[in-house]
Structures are given as structure tokens and as C-alpha cells.
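> The following block contains the structure, expressed as C-alpha cells.
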Amino acid sequence: MSVEEVSQKLENVTVSDDAPKTVLSDNKEFEVKHPLNTKWTLWYTKPAVDKSESWSDLLRPVTTFETVEEFWAIIQNIPEPHELPLKSDYHVFRNDIRPEWEDQANSKGGKWSFQLKGRGSDIDELWLRTLLAVIGETIDEDDSQINGVVLSIRKGGNKFALWTKSEDKEPLTKIGAKFKTVLKLTEDGLLEFYPHSAANDRHAQPSITL
Amino acid sequence: MPSYTIEELIQLKPSETLSVDFDAVEFKAIIEKVKQVQALKEEEYNATHHGHFNRRRSSHLHHGKPKVKQHKPKVTTDENGWSTFEPKTTEEGDSENNSDNATTTTTSSISKETVKVKPNNRHISSSRPADNSDIITDKQVHGFNTFAALVSDDEDDE
């Protein structure tokens with residue numbers, strides 16, 4: 001159901017003055033929210049400042065959201081990517097999928113990866129576009145291949161990764177092509193797909209390149 | 001399945017900042033604290049490494065230049081504000097006569113030099129003589145000759 005359909009339905013209902021208000025009719029005190037396809041969880045990986053801190057201590061779920069309005073509320077209240085310290089990660093994953101290879105939903109999948117060289121100011125915009133494409137379900141129209149999306153703040157270049165539940169070349173190539181458009185990549189921009197099964201191999205080659 | 005394009009989702013963005021169901025202030029505080037710790041660590045790293053980031057393993061233990069104490073030249077400022085530089089060695093030589101000039105400068109330079117005498121005490125505690133002349137004096141002059149002792153006095157008489 002598109003936003004226009006949802007709005008149209010609500011307009012049809014608004015016969016009396018007691019009709020529920022949406023964010024479009026009342027920006028502050030809206031009653032009806034636009035639902036997303038699934039629930040999403042925002043995770044944050046805190047950079048280690050002490051050697052005693054383990055990976056499980058650093059990766060924590062922040063909050064969940066199920067509507068467009070809840071999503072915007074979170075975006076307005078958390079630091080933008082350019083404000084994050086080095087070695088931080090933002091993860092947005094579907095339902096209760098953990099942003100780890102070991103999770104059952106991820107174990108047979110992989111990730112589309114792109115590295116943005118330098119700490120450019122467009123990282124905030126690209127991350128927002130990626131999130132909107134993922135939670136709006138427009139990056140994967142055929143089937144729900146997408147498990148989540150990760151942003152890694154690194155010294156050598158910030159990384160965008162789109163985690164998928166399978167390694168199937170055909171649907172992934174379609175998703176990759178859309179991901180390139182979302183990231184505003186030209187022909188020179190290289191998008192690589194790495195299966196999670198090869199994640200431990202440092203010299204692993206991408207199975208698909210776009 | 002509800003789907004929204006990027007443009008549609010941007011249209012639905014509220015102009016007012018909405019409240020969230022988690023402690024956003026605490027979340028921001030954690031991130032700020034991490035940034036502060038990282039900045040402190042980087043500062044500390046820069047201070048200890050003197051800006052040498054490329055050196056993986058130092059071939060020497062010195063960090064930076066060794067300290068060399070330079071003696072400051074004596075400069076006197078008179079009441080009119082003129083500063084005069086007074087070199088040490090030439091001052092004494094100029095006051096003397098020309099004939100004695102060479103000798104006085106050499107003696108003054110010699111007298112100023114401090115000669116450090118370092119004794120060679122390597123063999124002091126060993127049994128080896130420190131002086132070679134001791135070897136000669138300690139040498140055994142009369143040795144016991146066994147063959148000479150065997151020869152009897154009677155045979156000599158014959």
C-alpha cells in the first residue's frame with residue numbers, strides 16, 4: 001500500500017470532524033500513523049575504549065519502530081553519521097534479526113558493500129536515502145531478501161552494507177542495481193557482494209560485482 | 001505489503017521534533033564520552049610518538065635529538081640601551097703584548113681544558129701483574145735440577 005493509498009483511504013473516512021488526524025493534516029498532534037511492512041530495530045556498536053569490553057558488550061539494540069512517524073522521531077533524536085566517533089556502527093535490521101553472521105536469518109546470506117572514501121559531508125544524505133529505500137521496501141520489490149543495513153564509520157572510508165538472506169545471484173543483481181541508484185553511484189562506483197560464508201577469509205573476492 | 005518511495009517518506013517527515021521511547025539524551029551522552037576518550041587517546045599517542053606515525057619498529061632508543069647544552073654568549077647592555085657581545089677567549093689575548101700573545105693564548109686554552117684521566121683498572125683484581133716489570137722480578141732464578149742432584153760428589157772427585 002503506497003502513501004497515497006493510505007492518505008486517500010483516510011480522506012474517504014474523514015466525513016465528520018472527529019476523523020483521525022495524520023501527520024499530513026496535523027504536523028504535531030496526529031493520531032494515525034503510516035505503518036511499515038515490518039518492525040525494524042536500530043542497533044549501535046560502540047567503539048571499544050577499554051580492552052576488557054567484548055563485542056557483545058559493544059553491540060546493543062537502541063530502539064524499535066513500526067511506523068514512518070516513529071522512524072522520523074528516531075532520526076531526529078540520534079546523532080547524524082558525521083557526528084559519530086570512529087569505529088562506530090549503526091545497524092537497522094528487520095524484526096529481531098541480530099546484525100551478526102551467526103544469526104539464522106543471515107547465515108546463508110551475504111552483503112552488498114560499498115566504501116565511501118574520505119569523510120565527506122554527503123554521508124548523512126546517503127545513509128538517510130539508504131534507510132528510506134530499505135524501510136520503504138522499494139529497494140527489494142520482488143521478495144523480502146533484505147535483512148538489514150549497516151553503516152560503519154571508519155578512518156579509511158565509511159562503509160555501507162546491505163545484508164541479504166541469500167546468495168542468489170538473480171534477485172541480488174536487481175537489488176544491487178537499485179542500491180547503486182540509491183547511493184547515487186556512477187559507472188565508476190564499485191559495488192561488491194560478499195557471502196557471509198567467506199567473511200573469515202581476509203582475501204576473499206566478491207562473488208558479484210556491479 | 002505497504003511500500004513507500006523515498007520522496008513519499010520525506011513528505012511524511014514531521015517538521016517538529018518528536019519524542020522517542022528510549023533515552024536519547026543518554027544515548028547522545030555515551031557517544032560524546034566515546035568521542036572525548038578517543039580525542040584524549042589520539043592526543044596522548046601524538047605526544048609519545050612525536051608525530052612519527054610511519055615508524056613500525058625503532059632501530060634506536062633515542063626519541064628525538066639528544067640535548068646539547070649551548071653556552072649563551074655574554075651580552076651586556078649599558079645604560080643607553082646598547083648591547084655588547086663579549087667573547088671569552090679573545091678578550092684576554094688582546095690585553096697582552098704582541099710578543100707574548102701566542103704563548104698566553106695557548107697557556108690559557110690549555111689551562112681551561114680539563115683532561116680526564118681514566119685508569120685502566122681491568123687487571124686490578126686479577127692475578128695477572130698490572131706492571132710488566134713485575135713479571136721479570138718475580139721470575140724464579142734458581143730451579144731445582146734433578147739431573148744435577150743425581151750426580152754424586154764421588155764421581156766429581158774422580
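We did not get these values from a lab; they are worked out from the coordinates using the rules stated. Keep in mind that what you see is a predicted model, and the values were worked out from it rather than measured. Here the Cβ positions follow ideal geometry from the backbone for every residue, glycine too, while neighbour counts run over all protein chains shown.
> Show me, for segment A:170-177, the HN-Hα J-couplings you get by feeding each phi into the Karplus relation (A = 6.51, B = -1.76, C = 1.60, θ = phi - 60°), rounded to Hz, glycine and proline as x.
These are the phi-based 3J(HN,Hα) values: 5, x, 5, 5, 4, 5, x, 4 Hz.
> What list of ³J(HN,Hα) couplings, whole Hz, do you get for segment A:63-69 from phi and the Karplus terms 6.51, -1.76, 1.60, once you set θ to phi - 60° and write x for glycine and proline?
With the stated coefficients, segment A:63-69 comes to 6, 10, 8, 10, 10, 5, 5 Hz.
> List the residues whose amide H sits under 5 Å from the amide H of residue A:158, counting only those 5 or more places along or on another chain, with H placed 1.01 Å from N in the peptide plane.
Here A:116, A:118 satisfy the definition.
> Now a separate question. Please list the non-local residues whose amide H lies under 5 Å from the amide H of residue A:34, H modeled 1.01 Å from N, same-chain partners needing a gap of 5 or more.
Residues meeting the amide H criterion: A:68, A:69.
> On to the next question. Sort segment A:37-209 into rounded, prolate or oblate with this rule: let a ≥ b ≥ c be the square roots of the eigenvalues of the Cα gyration tensor; rounded if a/c is under 1.5, and if a/c is not under 1.5, prolate when a/b is larger than b/c, oblate otherwise.
Numbers: a/c = 1.22, a/b = 1.13, b/c = 1.08.
In terms of gyration-tensor shape, rounded.
> Can you give the extra length, in nm with one decimal, that the chain gains between residue B:21 and residue B:85 once fully stretched, where that is 0.36 nm per residue apart less the Cα-Cα distance? Working shown, then result.
Numbers: separation 64, 0.36 × 64 = 23.04 nm, distance 7.67 nm.
Length gained between residue B:21 and residue B:85: 15.4 nm.
> A further question on this structure: Using 1/(1 + (r/R0)^6) with R0 = 56 angstrom and r between the beta carbons of residue A:198 and residue B:68, what's the FRET efficiency to the nearest 0.05?
On the way: r = 57 Å, r/R0 = 1.02.
Plugging the Cβ-Cβ distance into 1/(1 + (r/R0)^6) gives 0.45.
> Which cross-chain or sequence-distant (5 or more) residues have an amide H under 5 Å from the amide H of residue A:166, H modelled 1.01 Å from N in plane?
Answer set, sorted by chain and number: A:110.
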